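Worksheet: one structure, shown below.
Throughout, read-outs are computed from the coordinates displayed, never taken from laboratory work. Owing to the predicted nature of the structure, the values given are computational and were not obtained by experimental measurement. Positions of Cβ are generated from backbone atoms using ideal geometry, with glycine treated the same way; all protein chains shown enter the neighbour counts.
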Amino acid sequence: MIKAAIIGATGYTGITLMDILLKHKDVEIKYITSKSYAGEKFSQIYPKFESITDLVCIEENINEISKNVDVIFMALPHGIASGKINNDILKRTKVIDLGADFRLKDKNTYETWYQVEHKTPELLNDSVYGLCELNREKIKEAKLIANPGCYTTASILALSPLVKHQLIETSSIIIDAKSGISGAGRSLNIQNLYCEANETIKAYKVGSHRHTVEIEQELSILNHNNKINLTFTPHLTPMNRGILATCYSKAKNQVKYEELINLYKTFYKNEFFIRIKNSANDVETKFVTNSNFVDIGISYDKRTNNIIVTSAIDNLIKGASGQAVQNMNIMFNLDESEGLK
């Protein structure tokens, strides 16, 4: 059995991790930590877990925890994990960070976009970006996984075949993405209150969302390390969970719709969790809710020579905790879908 710990178990991603790992046949959860609920039973905080687990939230002591587990899941806000993870911990256990601290390879870029000091920049080159469908071989050997963001997972997977095969003008990429409110986390925020978020939709952090540079970094790698700059605009929608990303790009040459469909089906032919739909019209968040699946649809606008790709994920599962478990399965040479079907 794999012994696991969840640091920050009472946020939305922590709850989702608990839900998945408690059903995972190869995992035993040894420790769960919470700053706000230390000393309380998890089932008292979340009654849905009554008669399922008797685990009690404890104060976080990652050095001691790392001596007794095989993997640590860090489900914390950005800026915290970089001050807790070090080489001594990584010698003892594997770490999957669901936050942003190890996703960006450049310390200055991270500190510019996140406005916080990165305390262990020496680990940035050792971390592996845990987008399973693209980095599987590196994940197998990794000690430190940077679990991708939710918007980035939907966007990168939607655009990767086009960028990899150099079919589009990379300067033309525009990503219009919508997220459910759980993507903002569980902390109290006026804009996330029901009366504020219901019956409305709005763009936010236009031109300044932190996931922009994460998407650019990974697509630039696929673009033979040629730098990509793109436009990314997120929107908040009045639903609990889910992300829909609509990605626009200009084709270098006229293409046929059948060629695009074949490209995507070939690119992702061995990927259980990616489902290619008949067109961009066929992708909806409700078809991936509570699953680790990514639905992708492609359409071609011959009139404007634009390729439009839509992708949908559950932001708490494939966009966070499900992908973290998928990464763990790969790291420990398990069936990749274990616990996620």
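General observations
- From least to most packed, judged by other beta carbons within 10 angstrom and beginning with the fewest, 237, 112 follow the order 112, 237.
- Antiparallel content of DSSP bridges confined to the chain, in %, to 5: 45 percent
- In the set [x] 68, 64, 38; [y] 62, 44, 39; [z] 73, 45, 39, the label that goes with Cα extents along the principal axes in Å computed for this structure is [y].
- Ascending count of other beta-carbon atoms within 10 Å, so fewest first, for 293, 232: 293, 232
- Exposed GluC sites (Glu not before Pro) absent - longest run of the chain, DSSP non-H/G/I/E/B, at most 14 other C-beta within 10 Å: 200-341
- Counted by Cβ distance under 15 Å from residue 128, the other residues give a net charge of -1, where Lys and Arg count +1 and Asp and Glu count -1.
- Acute angle (nearest 10 degrees) that the helix 211-222 long axis makes with the longest principal axis of the chain, alpha-carbon atoms: 70 degrees
- Proximal lysines to residue 164, defined as alpha-carbon separation beneath 16 angstrom and excluding residues fewer than eight positions away on the same chain: 227, 250, 252, 265, 269
- Net charge, residue 65 excluded, C-beta distance under 15 Å - Lys, Arg +1, Asp, Glu -1: +1
- Packing-based exposure ordering (other Cβ within 10 Å, fewest first) of 18, 239, 1, 328: 1, 239, 18, 328
- Farthest positive-ward along the chain dipole, Cα basis, beta-carbon charges - from 323, 203, 51: 203
- Rounded to the nearest 20, the Cβ-based charge dipole of the stretch 151-315 about its Cα centre (Lys and Arg +1, Asp and Glu -1) stands at 180 debye.
- Residue-by-residue Karplus 3J(HN,Hα) for the stretch 309-324, coefficients 6.51, -1.76, 1.60, Hz, glycine and proline x: 10, 10, 9, 10, 9, 8, 5, 8, 10, 4, x, 7, 5, x, 5, 4
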